[in-house]
1. Which GluC sites (Glu not before Pro) in the range 150-211 pass both tests, a DSSP loop state and at most 11 other beta-carbon atoms within 10 Å?
2. Evaluate the distance, in nm, between pseudo-label points positioned 7 Å from the Cα of GLN375 and of THR295 along their respective Cα→Cβ axes.
3. With a 1.4 Å probe and all protein chains left in place, how much of the accessible area of the range 234-357 comes from carbon and sulfur atoms, in whole percent?
4. Evaluate the distance, in nm, between pseudo-label points positioned 7 Å from the Cα of HIS286 and of LYS316 along their respective Cα→Cβ axes.
5. Keeping all protein chains in place, calculate the accessible area per residue for the range 171-319 (probe 1.4 angstrom), answer in Å².
6. State the percentage of accessible surface on the range 365-496 attributable to carbon and sulfur atoms; use a 1.4 Å probe and exclude ligands, DNA and RNA.
7. Write down Rg/Rh for the range 361-478, rounded to two decimals, with Rg from the C-alpha atoms and Rh from the Kirkwood relation over Cα pairs.
8. Hey, rough spin-label estimate for ARG228 and LEU256, points 7 angstrom out along Cα→Cβ, what's it come to in nanometres?
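The values are calculated or read from the model by the stated rules, or taken from the named source; none is laboratory data. As the structure is a prediction and not an experimental result, all values here were calculated from the model. Note that we place each Cβ from the backbone using ideal geometry, even for glycine, and neighbour counts take in every protein chain shown. Ligands, DNA and RNA are excluded from the accessible area calculation, which covers all protein heavy atoms including side chains. Shrake-Rupley method; radii C 1.70, N 1.55, O 1.52, S 1.80 Å.
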Amino acid sequence: MAVRAAKAGAAPGQPLAGPGQSMVASGQSFLEPEQPLPQEPSPELLSRLPPDLARRYRAFPLGAEEGCLVLALPEPEDLLLLDELQLQLGCRVRGVRAEPEWLEAAIERYYGAGAQTVQSVLANLGEGVEVLREEEETAAAQAEALANEAPVVRLVNSLLVEALQRGASDVHLEPFEGELRVRYRIDGILYDVPGPPRRLFPAIASRVKIMAGLDIAEKRLPQDGRIRLRLLGRDVDIRVSTAPTIFGESIVLRLLERSSILYGLTDLGMGEELLQRFQRLIHRSHGIILVTGPTGSGKTTTLYAALNALNSPERKIITVEDPVEYQLRGVNQMQVREQIGFTFAQGLRTILRQDPDVILVGEIRDEETARMAIQAALTGHLVFSTLHTNDAPGAVTRLLDIGIEPYLVASTVCGVLSQRLVRVLCSHCREGYRPAAEELVPLLEELPADLPELLFRPVGCPRCGGIGYRGRTGIYELMLVDEPLAELVVSRPSTNELRRAALARGMERLRQDGWRKVQSGVTTVEEVLRVTQE
């Protein structure tokens, strides 16, 4: 589709902007629904079109030259619309045709709730916020009063709303000497987003602390709290963590949707054969099933999917977690509270007196918890838990290292699932390419003899926010502890010895599962290498 420009006195084909000033060029065709912007719009350019006007007229700024603003519009030939925009903005306007889907995606991304409210906060607070500079010991009462001002309240709420809209799992607020850095973690990767001025941070920090029930006067010690909100019609739990730094308190907010739809086992990205093996494993009557991986690798999601598959009136399921991230209908869930002595081990003791069939222990952190889990498995219960190890065989050696006898591990652990999360290519903008042999060298040991003729890589479009990826899926390795492996465990093997034996008995490594997803166009070689680096 050719770009069409409309402006009084503008000749067809005339350049829309000078070098470096505009995001468009005459004759360029890029405003299709799934096509990305050729470059990121600067904050200065975005500020020339207020958010309310962008939404009202479905307009988006593309560039500027000599006092003329270039706008993407659904109907740039509408001279009345152009005249009205020129009157509202106080400058000349050029119109460039854009598809409605493209406009909606661009406006949503760059004029989200956070951007609107940052501007409104600046307009409403002006220079009055300067009283809350970090170097000044502002009284707690004064900080609380300013934190409850309507513009600050709207600003904090809008940051959370925008994070939720973009699918972020975490919001990072990081003060530095001359700036406030705001980052969203989306699909496991942190992305910078336009943030408010540094001078607003003390008011923002105080507002977050008030919402989380923390001490706003305490800035020297770390604090943890929780916020419960209803945003965009959804119930959201927010875990708040503050940590003192030399330029102020670093704040991280973890967003957890209580109303999120639980994943089923078939939604986790397991291959058909592995899924069948895992389903048989979780339907055992007793034993310990471990899920391993680093923080943020989806272990809790997998365990919840397993519990959801087992959840029925015939079974009593009890969990002890830290924290309870999602509510499972029909499952008794307990929250660890270490400050009052209610630990995982104490929770397990309580659970065993509740006549359960299936038990979930959020994490095995120490020998006491491990022994309680083993005792539960030995007395006829099916126990699920997690460990922080790099692969499935490492879970066994981890239990041996914390003091569990080899014969107990061999007689209770029936399977270990190790997993990672890889980003999924956006189906609207991914492109095929012929891979070079050197690109695949790190994966050669898992590759078939013939190199593939076609793989896919990210491009970026408005639907994926210009990232090229949208969502995540899992890659897995499942080690079943059958009789030969159990006999090996009794001899206290090293991780390498156990891994070799498991591979000989049919276990596939993480990279092998990842490679299948690369071949099918789900993800990329770079993603698999990123999450499986040892």
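1. Values: sites: GLU162, GLU177, GLU179; in loops: GLU177, GLU179.
When the GluC sites (Glu not before Pro) of the range 150-211 are filtered for loop state and at most 11 Cβ neighbours within 10 Å, GLU177 remain.
2. Simple spin-label model gives 3.0 nm for this pair.
3. Numbers: 2730 of 6030 Å².
Using a 1.4 Å probe with all protein chains present, the range 234-357 comes out at 45 percent carbon and sulfur.
4. Distance between the two pseudo-spin positions: 1.7 nm.
5. 46
6. Details: 2700 of 5650 Å².
Carbon plus sulfur share of accessible area: 48 percent.
7. Numbers: Rg = 20.8 Å, Rh = 17.8 Å.
Result for the range 361-478 is an Rg/Rh of 1.16.
8. Inter-label distance under the simple model: 1.2 nm.
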